[in-house]
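A short write-up of the structure that comes next.
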Amino acid sequence: MGKNMEPQPQIPFLIITSNPKILYKMKKFLVLSIITGILIAGCNPNEDLYDQLDKVTSDAYTDQLEYTLTESDYSDIADLALEDAETVEDSQMIGNIDRYKAFADECKAADYVPAFLGEKYVALDKGSVINVTYNYMGSLEALSLLTQATYYTLTDSDYDSMGEAYGEPGYYDSFDDDVPPDDYLPDFLAGKYPDAGEGDLVGVTYDYYQGEVVEKTGFYSLENGTWQPAGLSVSNIYVLSWSDYDEMGAPGSEGSFSEDHPAADYLPTFLKNKFPYAKKGDYKNIVYEYALDDDNSEMRARKYTFDGEKWLPHKKLSNQFIRGNDQWVFDPTVRFRMSSPDYQMIVDERAAKYVNSFGTAESYSGADSYWGNFSMRIKDRAENEPEFDDMTEEEAFALMWERIINLADEPMETRGALIVLLQKKFPNAVPQQNGVDVFYEVTFDTYYGADKRPVYTVKYRCTASGDPASFEYVESNTPYEE
């Protein structure tokens, strides 16, 4: 296959400072110059002056930025969102953003970050893009259920009230395989909470003997007037006890966490010690008490997942937001310019007959990782496919573009090059994020000869997730037309 031996031309560019002090001095100088010029001209000065000042004193400019939310940002975001909350339920859900310093399925970053960006980046103009990294904790459904429950720890007298004879809970003040809690706790709860309402949930912490006495928590709900096991995944729920707070040190003095002793400072270490044999992907829904002040507290819950090394309360996600005409909007579009490894991904999937002796280029679509482009020279194809000699130039170029952009249903070795790349580069692609279609804009270099090296951008939509994901050609600025 022919090589691109000619050196790439250098393109000059202009660096524009975003330093606010420099911008202020430049703007001040420019404004004074305009005022002086207009006053000297002396014709209808006020009208011209105000028109030109409107243009040069604007602080707006376009930029592309990366930003990671801080803990205080979540509080600011929640405060902004509460201004537009319409119901008590909305306010409670928004409050979770501040409470957990994270977003969730029920309170998405896509819905609440735009207003925050509008307040923080007032100088950025239409077309600006910010990639925002934030904490994401999945669904709040289980946590909301756990925080709404009532919690109670059995005392020795409670076990005794359920029977003190051999084979009854009061005999050893605990349950075991032969004295199961489900045989006793429903009746106990009926007496303990005579005024409970339908659907009420109670988490009962009790001692259980299984070779040694361990503490467990079972959940019971009132259904059709009868207390019964709630059917929650008890193995993944852990309710902290007084001894747990004591083990963590400072929280033990109050049997709770607080602003001075936040849960996030203690739970990761506690979980690592409590569950030393956890495997990557294991998770626990931790229920704990949080002191609001000296006299009031509330129950909170947080899901922690083990990543193989440490327990994490959330994962980091990044989403892109773009400045429109009037506001910031969530934009999940993935934009990138192909580099050498991207072209090599395509070469690696091609049939051997198309690949050069160095393994860095293929003649089927012209992908070349050494030069970082698609070769559009017809003669490079003719070496492996003599039929190109019989094509007109128009026919040859049409086929080459087809092989770069389309052919989604072909085997990998003859599939459209950019489809291959997207499927290899983004194996976890999904059709939508936060209800918005996900597009991929791929920019790539081509080589027709020494003086012709145009750069193009092609747009695709992810139509289905899978192995691999599916992508559909949408549009481009290439000469190609379907």
State whether one or more residues within segment 332-339 are among the hydroxyl-bearing types (Ser, Thr, Tyr), within 30 Å of residue 134 (Cα to Cα) and out of contact with any strand residue (DSSP E or B) (no Cβ under 6 Å at 6 or more places or on another chain).
yes
Suppose the filter is under 16 Å from residue 231 (Cβ atoms), surrounded by 14 or more Cβ atoms within 10 Å (Cβ to Cβ), touching a strand residue (DSSP E or B) at 6+ places or on another chain (Cβ under 9 Å) and at pLDDT 95 or above; does residue 201 pass it?
no
Just wondering, is there one or more residues in segment 441-450 that are without any contact (Cβ under 8 Å) to a residue 40 or more places away in the chain and either under 21 Å from the mean Cα position of the chain (by Cα) or on the phi < 0 side of the Ramachandran plot (or both)?
no
Residues of segment 159-185 being charged (D, E, K, R) and without any contact (Cβ under 8 Å) to a residue 24 or more places away in the chain, in sequence order, are 160, 164, 168, 178, 183
Can you find a residue that is surrounded by 15 or more Cβ atoms within 10 Å (Cβ to Cβ), assigned to a helix (DSSP H, G or I) and within 30 Å of the chain's Cα centre (by Cα) anywhere in segment 398-408?
yes
For residue 415, state whether it is surrounded by 18 or more Cβ atoms within 10 Å (Cβ to Cβ), under 15 Å from residue 460 (Cβ atoms) and among the charged types (D, E, K, R).
yes
Restricting the first residue to segment 251-270 and requiring it to be closer than 18 Å to residue 284 by Cα and touching a residue at least 12 places away in the same chain (Cβ under 8 Å), which pairs with a second residue that is exposed (fewer than 15 other Cβ atoms within 10 Å of the Cβ) and not polar (S, T, N, Q) meet a Cβ separation below 6 Å and a spacing of at least six or different chains?
268/310
As an exercise: evaluate residue 48 against (1) at pLDDT 85 or above; (2) part of a helix (DSSP H, G or I) and give the number of the one condition it does not meet.
(1)
Hits in segment 217-229 (condition: surrounded by 18 or more Cβ atoms within 10 Å (Cβ to Cβ) and in contact with a strand residue (DSSP E or B) (Cβ under 7 Å, 6 or more places away or on another chain)):
217, 218, 219, 220, 221, 227
On the basis of being among the polar types (S, T, N, Q) and either free of Cβ contacts under 8 Å to residues at least 12 places away in the same chain or part of a loop (DSSP other than H, G, I, E, B) (or both), does residue 365 make the cut?
yes
Looking only at segment 436-482, filter to residues that are acidic (Asp, Glu) and surrounded by fewer than 18 Cβ atoms within 10 Å (Cβ to Cβ); which one of those is farthest from residue 420 (Cα to Cα)?
451
Report the residue count in segment 368-424 for those that are on the phi < 0 side of the Ramachandran plot, without any contact (Cβ under 8 Å) to a residue 24 or more places away in the chain and among the aliphatic types (A, V, I, L, M).
5
Return a yes/no flag: does segment 370-383 have any residue that is loosely packed, with under 15 Cβ neighbours inside 10 Å, at pLDDT 85 or above and either touching an Asp or Glu at 6+ places or on another chain (Cβ under 8 Å) or not in a strand (DSSP E or B) (or both).
no
Can you name the helices (runs of 4 or more DSSP H) wholly within segment 61-130 that have at least 2 residues being touching a Cys at 6+ places or on another chain (Cβ under 8 Å)?
88-100
Wholly within segment 131-199, helices (runs of 4 or more DSSP H) carrying at least 2 residues that are touching a His at 6+ places or on another chain (Cβ under 7 Å), not assigned by TED's automatic domain parsing to the domain that holds residue 323 and not charged (D, E, K, R):
none
Output the residues belonging to segment 240-249 that are surrounded by 14 or more Cβ atoms within 10 Å (Cβ to Cβ) and modelled with pLDDT of 90 or more.
240, 244, 245, 247, 248
Residue 422 surrounded by 14 or more Cβ atoms within 10 Å (Cβ to Cβ) and either under 22 Å from residue 340 (Cα atoms) or under 21 Å from the mean Cα position of the chain (by Cα) (or both):
yes
Only one of 198, 168 is closer than 30 Å to residue 300 by Cα, out of contact with any Ser or Thr (no Cβ under 6 Å at 6 or more places or on another chain) and not polar (S, T, N, Q). Can you tell me which?
198
Go through (1) of a type in the set (Gly, Ala, Ser); (2) over 25 Å from residue 285 (Cα atoms); (3) in the same structural domain as residue 77 (by TED's automatic domain parsing) one by one and return the number of the condition residue 109 breaks.
(2)
Candidate set from segment 129-176 (those that are among the aliphatic types (A, V, I, L, M) and over 28 Å from residue 243 (Cα atoms)); member that is surrounded by the fewest Cβ atoms within 10 Å (Cβ to Cβ):
165
Against the condition surrounded by fewer than 14 Cβ atoms within 10 Å (Cβ to Cβ), over 20 Å from residue 149 (Cβ atoms) and at pLDDT 95 or above, how does residue 183 come out, does it pass?
yes
Take residue 339 and decide whether it is hydroxyl-bearing (Ser, Thr, Tyr) and either exposed (fewer than 13 other Cβ atoms within 10 Å of the Cβ) or touching a Gly at 6+ places or on another chain (Cβ under 6 Å) (or both).
yes
Need at least 1 residues that are more than 29 Å from the chain's Cα centre (by Cα) and within 24 Å of residue 96 (Cα to Cα) per element, so show me which strands (runs of 3 or more DSSP E) inside segment 220-339 make the cut, counting only ones lying wholly within it.
283-291, 297-306
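The values are calculated or read from the model by the stated rules, or taken from the named source; none is laboratory data. All figures in this text were calculated on a predicted structure; none of them were measured in a lab. Because the Cβ atoms are built from the backbone with ideal geometry, glycine has one as well, and the counts that use them run over all protein chains shown.
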